[in-house]
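So the structure is just underneath, and the comments pick up after that.
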Amino acid sequence: MTSLRWQPVTTLVLSILGVGVATYLTVTHFDKQALACVSNSTFNCEAVTTSPQSEILGIPVAMLGLAFFVPMIVLCLPVAWRTANRWVHLVRLAFSVVGVGMIVYLISAELFTIKAVCLWCSGVHLLTFLLFVVIVTSAPIVLAPGYGTESRA
Amino acid sequence: MAQDPPKNSGGGNTPKPGGNQPKSPAGQSAKERSRAQSRPVSGKAATKAPPARSTAKPKGASASRPAGSKGGNTPRPGRSASSAKPPRGLSGALIAWGVVGLVVVVVAVLVIVNVTSSSTKAANYTPVTPAPASVVKDVTTVPASVYNTVGITMPAAAHAGLPITLSKQPALTLSGKTPALFYFGAEYCPYCAAERWGIVTGLARFGTWSGLELTASSSTDVYPSTPTFSFRNATFTSPYVSFFPVENCTNIPDASNASCSGYTTLQTPTSQEQSVINKYSSPTYIPGATAGSVSFPFVDVDNKVLFSGATYSPQLLAGLTQAEIASHLTDPTNSVTQAVIGTANIVSASVCAGTKQQPAAVCTSKGVQAAAKALKLS
């Protein structure tokens, strides 16, 4: 059976980077002076991070990003990738699908409602998308019957 | 290290009983027969196989196969090659990559639609038109209760900061009139667009507006097309304070006009007004300001309070019309109203500092007092 080689490390690194950027955006949500970003007719982080779309049900989107990446670090630990417990792999897959759905919504909000793009947010979007690519393409392997039991046989 | 398959192991490498099993040569032990019928697990195993095994090759097996070749996917003797299944996970991988491709396509479509729609309206600008009487009425007759309820409460995410309070400066006199409120801005400027709402509603408590017009900030700058008024033809009449507006630039693009950041020039300040700009729009009075340049909007309220930039983010007004903004000004819980009226109270408190707290009904009101306290004017 095909095994995973680079995927666990890659997703773990992407998740850690995601926590870093999401933490920065969370800080700047509350302290706008800390926001360092290009500002022109296309890119404007302040416009995005102060927009009504920067909060969902009163929760800053940046904090939702943290709530996405922190569990993702745990789910992307090598031991979690090796486990035979299908639920771990299903939860990781579900998280990545929700994450990419969220970035599609946020990108459309930036382009059509806010009419400005936040470069830091785009960084988070890219990390989320790359996580999605690795996790989804690894799904057929980790969700195959018998995955994770070979090393113990 | 290659090993013989376990006796009871299942899977594809165990010969099936019956069927097209080849006949074993006479004299072979059961173990040797089993080895002969089993495909090698790896090329290495096949290489290490005893020479006798080569004689046990079943009929129908390829005689030309090299000894070291891998045989894992080779059809069994008697089986048709066309009946072999594709490797497990291939269809799953295709679906996975298909999903990834779908996401890429969706994002690409969003970007293309946005770029296409932006390019078609890039050269547009919002013309200046007379403000409808209903809009003027809404912004100039905001109930006192709304001013008092809002105070300086503003949406935290949109609050950009308070203006600068000056001390020990002579009262501002322009064209022989004092106290005076000097506004220096531009129609393309989104921060001016946001601040005008507070200036119009704040000053409305001290006098009467006429000649107000509607427009919007640049469609290609930050906070594009922020809805607003224009002061280019506006007149404000008041027994308490005089208003001197200068709309330096339009929102009409003119790439050749560097003095207006790529827009056409509209009005220029008088020498007296230019002196005010030169003196107060400087690092001496505005921290972070660059000597010799002005950040729009620059507002000097009787040399007592300086506004440099907007009090709240223009983003709050995105997607709204002037009529919508104006009609919401009776709702103190509305975030746009809070930003506009909060700014209005700050403007009013600044004016009151120069009018010796007149009119008292305005200057001693709860909302204005809250602003005065925040500005350290009281």
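Read the figures in this text as sums done on the coordinates, not as results from a lab. The structure presented is a predicted model; accordingly, all values stated were derived computationally and were not measured. Here the Cβ is made from the backbone with ideal geometry for all residues, glycine too, and neighbour counts use every protein chain on show.
Quick notes
- Percentage of interatomic Cα-Cα distances in region B:126-283 larger than 29 Å: 20 percent
- Filter on B:Lys168/B:Lys366; A:Lys115/B:Lys304; B:Lys177/B:Lys279; B:Lys168/B:Lys373; B:Lys279/B:Lys373 - keep pairs with C-alpha separation over 29 Å: A:Lys115/B:Lys304
- The charge dipole of region B:105-258, taken about its Cα centre with unit charges on the Cβ of Lys, Arg, Asp and Glu (plus for the first two, minus for the last two), comes to roughly 340 debye.
- According to the Cα-based calculation, Rg over Rh for region A:32-118 is 1.09, with Rh computed by the Kirkwood formula.
- Fully extending the segment from B:Ser295 to B:Thr235, taken as 0.36 nm per residue of separation minus the present Cα-Cα distance, adds 19.2 nm.
- Charging the Cβ of each Asp and Glu at -1 and of each Lys and Arg at +1, and nothing else, the dipole of region A:5-145 about its Cα centre rounds to 500 debye.
- Gyration tensor (alpha-carbon) shape descriptor, chain A, a/c threshold 1.5: prolate
- For B:Val246, the residues whose modelled amide H falls within less than 5 Å of its own, excluding neighbours fewer than 5 places apart on the same chain, are B:Tyr183, B:Phe184, B:Gly185.
- Positive dipole terminus of chain A, leading residue within A:Thr42, A:Val97, A:Tyr24 (C-beta point charges): A:Val97
- Enclosed volume per residue, in Å³, of the convex hull spanned by Cα atoms of region B:320-378: 87 Å³
- When the Cα atoms of region B:208-356 are aligned to their principal axes, the ranges along those axes come out at 44, 41, 31 Å in descending order.
- Sorted into 10 angstrom bins from 0, the C-alpha pair distances of region A:99-153 split as 22, 34, 20, 15, 8, 2 percent.
- P(r), alpha carbons of region B:226-314 - 10 Å bins starting at zero, rounded %: 14, 43, 38, 5, 0
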